[in-house]
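Take a look at the structure set out below.
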Amino acid sequence: MSDALMIDADSNALLVELAVVIPTFNEIDNVEELLRRLERVLQGVAFEVIFVDDDSPDGTAERLQALSRRFPRVRCLRRVGRRGLSSACVEGMLASGAPFLAVMDADLQHDEALLPSMLGVLRDEPIDIVVGSRFVEGGAVGDWQSSRQSISAVATRLSQRVLGLTLADPMSGFFMIRREAFEAAVYRLSSIGFKILVDLLASSPTPLRVRELPYVFRNRLAGESKLDNRVAWDYLMLLADKTIGRFVSPRFVSFAAIGASGVLVHLAVLRLVLGLGGDFVFAQSSAVMVAMVGNFLLNNALTYRDQRLRGWAMLAGLLKFMVACGLGAVANIGVASYVHGDSGGWLLSGLAGIIIGTFWNYFATAYLVWLRPKRA
Ligand code: GDD
Ligand code: MN
């Protein structure tokens, strides 16, 4: 052991008690102000700030690196070729040795003035995680559109019903957790999508002792929200993974759900073309084509969002997808005929064909179309 380490080991004073982990994507005009505010509210606390940036095109990482040269308590963990709010938070927390780990957004919507009280609770009480909550007495969402309010309410109720979570604001992205509680949960985390708090609460091997503290959700300082429709889909995939994930992968759930929606698209197009006076074979063929293209686009955008194909690769992917699913249809028909000939009823035979066809389509397209290493 070097002399320097011997000296540090002699002193019990913690040089880092708290890590504030901040995921960023295109937040260049927010990070400096956030840092200024953290310095102000956390005076006297030994803290470090770990920004996790997914290679933002606006140059957030360069700005953060410049800040880290001037302020040793700041670090920028830059991820290349990756996206994801939850996984960014997880990796930021893993990068720190601090006993207390906070997560907050970079856009100043989360009230940094709450951090000292959060820390106080973890220091003094037998609580594992303190959550900044908009839905307990004293908290509020600020001026949110009513559509966003009702979506948030539905998502919250889902987590209460499906996962049995009891807190008022499980969707919060603002919390502070004891490192041991985080580490006990880390192997089971799904790290899908936006809802890292739901993930942590549902992944912990023992129920976490939670305290909610109120705060008022503010407006974004600069830049725009990354919350879009895909975030809702990711949330459903998180719920699926947390319930049936032991048996099937969330990708398969996503693929099968999109496949099922393809049946509706198919029937709708069939009806439409027949209604326009097309003959049946033409109408059925159009329906197959539209459903296949639709399924491909949805799977590309949702199931394989993290390795989405673009441009020419997308066109090539579509052709391979159609070939693979065409073979899947042959397998489907083959299996169904076999079961039927073996005296199975129409329902059982049809279902057997669908199940085999779906598995075939999933594995064949995963292998042929999407799950390829980007750089060999
Ligand atoms: N590294 C990384 N990668 N960061 C991301 C990504 C990503 O793919 N997507 C978003 N972020 C960062 C943003 O830069 C911001 O700092 C933070 O995550 C939250 O993103 P916003 O786009 O501002 O989300 P929001 O304000 O709509 O929703 C937030 O607040 C809600 C209420 O607390 C999120 O924290 C939600 O999870 C939360 O429910
Ligand atoms: Mn925000």
> Mean separation of Cα pairs under 8 Å and 6+ residues apart, divided by the residue count of the chain: what relative contact order is that in percent?
Replying inline: 14
>> In whole Å, what are the extents of the stretch 214-360 along the principal axes defined by its C-alpha atoms, from largest to smallest?
In response: 65, 41, 30
> Per the Cauchy relation, a quarter of the hull surface: what is the mean projected area of the convex hull of the alpha carbons in the stretch 310-376, in nm²?
Replying inline: 4.9
> Which sequence of 224, 62 reflects their accessible areas, 1.4 Å probe, from the largest down?
Replying inline: 224, 62
>> From the gyration tensor of the Cα coordinates in the stretch 209-276, what semi-axes in whole Å does the equivalent ellipsoid have, largest first, with each one equal to sqrt(5λ)?
In response: 37, 22, 10
> Roughly how compact is the stretch 21-62, stated as its Cα Rg over 2.2 N^0.38 Å to two decimals?
Replying inline: 1.23
> Using modelled amide H (1.01 Å from N, peptide plane; none on Pro or chain starts), what sits under 5 Å from the amide H of residue 27, excluding residues fewer than 5 places away?
Replying inline: 60
>> Which three extents, in angstrom, do the Cα atoms of the stretch 11-89 have along their principal axes, listed largest first?
In response: 40, 23, 20
> What is the local net charge at residue 46, summed over the other residues whose Cβ is closer than 11 Å to its Cβ (Lys, Arg +1; Asp, Glu -1)?
Replying inline: -1
> Under a straight-distance cross-link criterion of Cα-Cα below 12 Å, which aspartates and glutamates are reachable from residue 226, leaving out those fewer than 8 residues away in the same chain?
Replying inline: 27, 105, 107
>> Leaving out ligands, DNA and RNA, and with a 1.4 Å probe, what % of the accessible surface on the stretch 129-174 is carbon or sulfur?
In response: 52
> Once the chain is represented by equal point scatterers at the alpha-carbon sites, with solvent omitted, what log10 I(q)/I(0) does the Debye formula produce at q = 0.07, 0.08, 0.09, 0.11 Å⁻¹?
Replying inline: -0.41, -0.52, -0.64, -0.87
> Out of the DSSP beta bridges found with both residues in the chain, what percent are antiparallel (nearest 5)?
Replying inline: 25
> Counting only protein heavy atoms, what percent of the accessible surface of the stretch 326-376 is carbon or sulfur at a 1.4 Å probe?
Replying inline: 73
>> How large is the convex hull of the C-alpha atoms of the stretch 127-166 per residue, in Å³?
In response: 84
> Translational D (Stokes-Einstein, µm²/s) of the stretch 63-218 at 10 °C and 1.306 mPa s when Rh comes from the Kirkwood sum over C-alpha pairs?
Replying inline: 97
> Counting only heavy atoms of protein chains, what accessible area per residue, in Å², does the stretch 263-363 have with a probe of 1.4 Å?
Replying inline: 61
> Taking amide hydrogens as modeled 1.01 Å from N in the peptide plane, which residues meet the under 5 Å criterion relative to residue 74, leaving out close sequence neighbours?
Replying inline: 49
> With +1 on each Lys and Arg Cβ and -1 on each Asp and Glu Cβ, how big is the dipole of the chain about its Cα centre, in debye rounded to the nearest 20?
Replying inline: 1040
>> Quick test of the membrane-span-like rule: which DSSP H helices of the chain reach at least 20 Å along their long axis (C-alpha atoms) with mean Kyte hydropathy at least 0.0?
In response: 229-244, 250-275, 280-298, 311-341, 346-365
> Counting only heavy atoms of protein chains, what accessible area per residue, in Å², does the stretch 90-140 have with a probe of 1.4 Å?
Replying inline: 31
>> I'd like the Karplus ³J(HN,Hα) series for the stretch 204-217: coefficients 6.51, -1.76, 1.60, θ = phi - 60°, whole numbers in Hz, and an x wherever there's a Gly or Pro.
In response: 5, x, 10, x, 6, 7, 10, 10, 9, 10, x, 8, 9, 5
> Which three extents, in whole angstrom, do the alpha-carbon atoms of the stretch 157-217 cover along their principal axes, largest first?
Replying inline: 31, 24, 21
> Which chymotrypsin sites (Phe, Trp or Tyr not before Pro) does the stretch 247-332 hold that lie in a coil by DSSP with at most 13 other beta carbons within 10 Å?
Replying inline: 247
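The values are calculated or read from the model by the stated rules, or taken from the named source; none is laboratory data. The shown structure was predicted, so the numbers you read here are calculated from the model rather than taken from an experiment. With ideal geometry, Cβ positions are generated from the backbone for all residues, glycine too; neighbour counts draw on all protein chains shown. Only protein heavy atoms, including side chains, enter the accessible area calculation; ligands, DNA and RNA are left aside. Shrake-Rupley method; radii C 1.70, N 1.55, O 1.52, S 1.80 Å.
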